[in-house]
Amino acid sequence: MARPISAPRGTRDLLPEDAAAWSHVEGIARDLSRRYALDRIETPLFERIELFSRGLGESSDAVEKEMFRVSGAAGSEDERAQWALRPEPTAGIVRAYLEHGMHVRPTPQRLWMIGPMFRYDRPQAGRFRQFVQWDVEVIGDPGPMVDAEIIELGQRFYWEAEVRDVVASVNSIGDATCRPAYRDALVAYFSAHENRLSADSRRRLHVNPLRVLDDRDLDPDLAAGAPRSIDHLCDACAAHFAAVRALLDAEGVRYEIDHRLVRGLDYYTRTTFEFFVAGRRGQQQALGGGGRYDGLAELLGGQPTPGIGFGIGIDRTVLAAAEQGTVPPDQGPLVAVIGADPDTLAQRLEVATALRAAGLRVRADGSARKLGKQLEAAAKFGARYAVIVDPTLPTASVILRDLSASEQRELPLGDVAEAVRQA
Ligand code: HAM
């Protein structure tokens, strides 16, 4: 017998028993996208590697360590990898924005997508090599109202998905005016304590000192004494951040300032944020994150264009909801259409079709099994009702059997949907 084949490491199959929770959470994201007047955008699952190295930064984990490279067919000019599966969608969306000259459309553009992202990371709890994000981007609005609006949207999503106790960690990491001096302050501080840094942080210290702050192995005392970005903001960035906080306060959004929140991608400026279940911090537990990226369009060869957005991990949201005991809403009672007479297949289908058209959730039994066996099968599938097609009944009449009460009655087909709904 051939050896069975398993799914690649770090990937998951979404099985039917988990799909209801998943669909529910995705449905909330879609509906919120509608209510917040966001327009759908889709970009390719793979892009040129250069898009990510320029957009996210050569020294970001996503580019340096986790790129899933894609090459063309063997023997073709694309045999050498020049694309990568997208580790995140923001760079691709901004590329599409520039490529299609979307800046001439009414500003700002408010966009969303849901889809798989790929990072060749070490798989562990809540960390996968293929995972799904709900992504929201608002391009062309310098803020600060939109910053608060986006953070509030994230909080509303978790609320509606019934993930309780979510806190937004918020920070501002400044911009091209004030970041250089902050970088220097960090380099000076951490250089004086280089022997207490991890190997990763020592290597990053001069390339990207902000990332030292979100090293999980950073000594907490060392972290507590580190220079804080909000103490180094230029006047414009400080005013922006004060306005964002005032708006969050006015809206009653639950947030806290986290001086170590620098985010792992290089394109961020000013506002950065991540969502956590309170008390469950640590990079890999972030349920979502995002921020402002006012310099990204320029990095990708476009005109300076402000932008802000978030990526919310659907996998982690579904896991967090399940951990908190959240049960996805019922999909409505299941109805099984059955019949003892093997010559009633056409009627069974016809009845099933009529009930589906009336909005019910229906599966039809096309077998020649005895009625008792069909009833048993219906119960195993979780059917609440059986509709029995019986040629001896007057035309357009059926038997509706309540499987939990073991009661049945004859009624016109046209009345079944109403009877099921009322029960
Ligand atoms: P990110 O923080 O890299 O940001 O990812 C956003 C969210 O995706 C994370 O908070 C987490 O919930 C989920 N996620 C990331 N990696 C994994 C993984 N390996 N397994 C499972 N879930 C994961 C971004 O991707 C930015 N593009 C967000 C953004 C949009 N910033 C501005 N606009």
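The values are calculated or read from the model by the stated rules, or taken from the named source; none is laboratory data. Every value quoted in this text rests on a predicted model; they were computed, and no experiment measured them. Backbone-built Cβ (ideal geometry, glycine too); neighbour counts: all protein chains shown. For the accessible areas, the whole protein counts, side chains as well, though only heavy atoms, and no ligand, DNA or RNA atoms are used. Shrake-Rupley method; radii C 1.70, N 1.55, O 1.52, S 1.80 Å.
Some points to look at:
- Once the Kirkwood radius over Cα pairs is known for the chain, the Stokes-Einstein relation at 37 °C and 0.692 mPa s delivers a diffusion coefficient of 132 µm²/s.
- Within the accessible area of the chain (1.4 Å probe), percent carbon and sulfur: 52
- Projecting the Cα atoms of GLY225, TRP159, SER76 onto the charge dipole of the chain (Cβ charges, centred on the Cα centre) puts SER76 farthest toward the positive pole.
- The modelled label-to-label distance for the pair ARG281/ARG254, using points 7 Å beyond Cα in the direction of Cβ, is 1.6 nm.
- Net dipole in debye of the chain [+1 Lys, Arg Cβ; -1 Asp, Glu Cβ; about Cα centre; nearest 20]: 740
- Taking every protein chain into account, the 1.4 Å probe leaves HIS259 with about 60 Å² of accessible area, to the nearest ten.
- Sparse-neighbour loop sites [trypsin sites (Lys or Arg not before Pro); region 349-392; at most 10 other C-beta within 10 Å; DSSP]: LYS370
- Peptide packing: for 210-218, 263-271, 63-71, the average count of neighbouring Cβ atoms within 10 Å per residue gives the ranking 263-271, 210-218, 63-71, highest mean first.
- Computed over protein heavy atoms with a 1.4 Å probe, the accessible surface of region 220-325 works out to 40 Å² per residue.
- Accessible area per residue for region 1-159 is 52 Å², calculated with a 1.4 Å probe on protein heavy atoms, without ligands, DNA or RNA.
- Estimated dipole of region 117-197 in Debye, rounded to 20 [Cβ of Lys and Arg +1, of Asp and Glu -1, Cα centre]: 580
- Helical contribution to [θ] at 222 nm, DSSP H n ≥ 4, -39,500 (n - 2.57), averaged over the chain, rounded to 500: -10000 deg cm²/dmol
- Candidates ALA358, ALA176, ALA81: whichever shows maximal mean-square fluctuation once the chain is modelled as a Gaussian network with Cα springs under 10 Å: ALA358
- Computed over the alpha carbons of region 129-203, Rg followed by Dmax gives 18.1, 47 Å.
- Trypsin sites (Lys or Arg not before Pro) lying in DSSP loop within region 144-190, provided at most 14 other Cβ fall within 10 Å: ARG164
- Contour minus Cα-Cα distance for LEU45 and ASP341 (0.36 nm per residue): 101.5 nm
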